[in-house]
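The values are calculated or read from the model by the stated rules, or taken from the named source; none is laboratory data. What you see is a predicted model; the values in this text were computed from it and never measured. Cβ sites come from the backbone with ideal geometry, for glycine too, and all protein chains shown count toward neighbours.
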Amino acid sequence: MEKVLLTCKGICKDFGITKALKNVDFTVTRGKVCGLIGENGSGKSTLAAVISGIYPATAGMMELNGQPWKPKDMMESQRGGISIIVQEAGTIGRLTVAENIFLGQESRFRKGFLLDYKKMNAKAGELMDELGIQGISPQTRMMQLNMQERKLIEIVKAYYYAPQILIVDETTNALSHAERSILFGLIHKLADEGNAVIIISHDIEEVLEHCDTITILKDGELMTTLEQGQANPRQIKELMVGRDVEEGFYRTDMDGYSEEVVLKADNITTLREIMNFSLELHKGEILGIGGLSDCGMHTLGKALYGEEPILLGSVKVGKDDVEIKNAEAAVLSRMAYMSKDRDEESLAMNSPIYENIASTGYQKNKSRSGLISLKKEKQYVDTQVKGLKIRCYSNHQLVSALSGGNKQKVVFGKWIARDFDIIIMDCPTRGVDIGVKYEMYNLMYELKKAGKAILLIGEELPELIGMCDRILIMKQGAVSKEFLRSPDLTEKEIIDYMI
């Protein structure tokens, strides 16, 4: 007989007038990997936050191992046996790797009145070795690591607490294939030892592969829980969005693009990863950049936008060949950049939606007096919130309170409002649900038809094949192969040039 670890009954969570969870029942049993899925804003992360002590429930009750469960915060939750790897940044930049792993547990390394940092660093290294994580020093400050490395440290931190229940909230989309293997190795190790794991993910294939049960939420309500083998991808999508979902939602056209070159990189070399790299981006083109996570494609996006120092070569824009040496020059040349690290680099998380979108329109929304016209600015913001269907109770809601998909819509709105001609998109659909992806792909196609040029950096080959006019595959900082748009192009053909 299966032993129940956690029981949630009638869980409700309100944020002002917004009802994020409505009488949700949820059960977790020993030895199981439980999938928790739904559209952005369906309540998945909110339920995880209630279980792990980040938020108190507005109503309802929980039991852990048959005892009432009402953690006051994440630290109490960890001590009680529940750890969470959060969707947002879960580390402190100024602290070292070891200090982050043992935050709140420093007393274990005290030597009189001082901390034994040598012992702390050694233990951190031991934990990383156990999980197969290499190349990260325990003494490195978190701010020096990239997003993927920071997520790996969050995994180590969760592992250290030996949780009965591990909650993984939208973590895999920030990791490379090798790093996902580390995470899934830990997930199945915990389940095999009689613990349990809750995976929150938009990757339906991933959930079907790794989860024993799949619980689907929609608009804060429980739709159903399915056992492994009961569901197929199409059925899950329909339950998530509440309507029939077509299997194909990429472009079907073979439209070309203009011969006019709007951005040109000429043999650029950067401090890291990029070596003698050249490309041309045309008006009305969606140019894809793909490869393994360490191939240099994310650094390339920053270099083209002036955010990564270029040692040799140049990036030039437009008919006048304006050289891009910094982000200010890029913006003045009508270039936009959407970072993969959305929360750290694309949004002001503790500012309202209004301020985030309005931030690109200060020049555009000036009145004749030279001051900002509040009427023009409000229209500037309202147009994007309504047009992109950003789910919020008002334009003045903090971005940090939005779901991942709605945060990404704010990023899109911020740049589209300014009507820029060149848009660099680094993994723009990372961490968003199937419905939001569909909307974003339609928007990309509309931008293409309007003559905008898009550089799409992506880690998902189906996305690149489905949306791009050309694809440049990168390997070790250089182009290994170019592919032209074709209905016959397959992932297998591309993978050979990535590895």
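Search the stretch 372-399 for residues being β-branched (V, I, T) and not in a helix (DSSP H, G or I), and hand back the single one that is farthest from the chain's Cα centre (by Cα). In this case the residue turns out to be I372.
Within the stretch 483-499, restricting attention to residues that are among the acidic types (D, E) and either in a loop (DSSP other than H, G, I, E, B) or in contact with a Pro (Cβ under 9 Å, 6 or more places away or on another chain) (or both), the residue that is surrounded by the most Cβ atoms within 10 Å (Cβ to Cβ) is E491.
Going through the stretch 298-321 one residue at a time, which ones are in contact with a helix residue (DSSP H, G or I) (Cβ under 6 Å, 6 or more places away or on another chain) and either outside any strand (DSSP E or B) or not assigned by TED's automatic domain parsing to the domain that holds L456 (or both)? Within the stretch 298-321, Y305, G306, E307, E308 meet the criteria. The single residue among R141, R150 that is under 26 Å from the mean Cα position of the chain (by Cα), at pLDDT 90 or above and basic (K, R) turns out to be R141.
For the stretch 324-342, the set of residues classified as of a type in the set (D, E) and modelled with pLDDT of 95 or more is empty. E345 meets all of the listed conditions (1) surrounded by fewer than 19 Cβ atoms within 10 Å (Cβ to Cβ); (2) closer than 13 Å to K414 by Cβ; (3) of a type outside the set (K, R); (4) at pLDDT 90 or above but one, namely (4). When E76, E2 are checked against the criterion of being closer than 21 Å to L166 by Cβ, outside any helix (DSSP H, G or I) and free of Cβ contacts under 8 Å to residues at least 40 places away in the same chain, a single residue qualifies: E2.
For the stretch 145-204, the set of residues classified as farther than 23 Å from I434 by Cβ, touching a strand residue (DSSP E or B) at 6+ places or on another chain (Cβ under 7 Å) and among the acidic types (D, E) consists of E154 only.
Contact annotation: residue pairs with Cβ atoms under 7 Å, 6 or more positions apart or on different chains, pairing a residue in the stretch 338-352 that is under 19 Å from T171 (Cβ atoms) with a partner that is acidic (D, E), are S339/E345; S339/D426; K340/D426; D343/E88; M349/D343.
If I ask for residues that are within 19 Å of the chain's Cα centre (by Cα), within 26 Å of G41 (Cβ to Cβ) and hydrophobic (A, V, I, L, M, F, W, C), which ones from the stretch 161-196 would you list?
I167, V168, A174, L175, L183
Any residue that is surrounded by fewer than 20 Cβ atoms within 10 Å (Cβ to Cβ), on the phi > 0 side of the Ramachandran plot and not acidic (D, E) - is there at least one of those in the stretch 425-447? No, the conditions are met nowhere in the stretch 425-447. T215 meets each of the listed conditions (1) surrounded by fewer than 18 Cβ atoms within 10 Å (Cβ to Cβ); (2) out of contact with any helix residue (DSSP H, G or I) (no Cβ under 8 Å at 6 or more places or on another chain) apart from (1). Applying the set (1) in a strand (DSSP E or B); (2) among the hydroxyl-bearing types (S, T, Y); (3) within 26 Å of the chain's Cα centre (by Cα) to Y55 leaves exactly one unmet item: (1). Of the residues making up the stretch 86-115, those that are modelled with pLDDT of 90 or more and assigned to a loop (DSSP other than H, G, I, E, B) are L95, F102. Residues that are out of contact with any Pro (no Cβ under 6 Å at 6 or more places or on another chain) and more than 16 Å from G35 (Cβ to Cβ) number at least 2 in the following helices (runs of 4 or more DSSP H) confined to the stretch 129-227: 147-160, 177-192. Scanning the stretch 33-68 for residues that are surrounded by fewer than 20 Cβ atoms within 10 Å (Cβ to Cβ) and either at negative phi or hydroxyl-bearing (S, T, Y) (or both) yields I54, Y55, P56, T58, A59, M61, M62, E63, Q67, P68.
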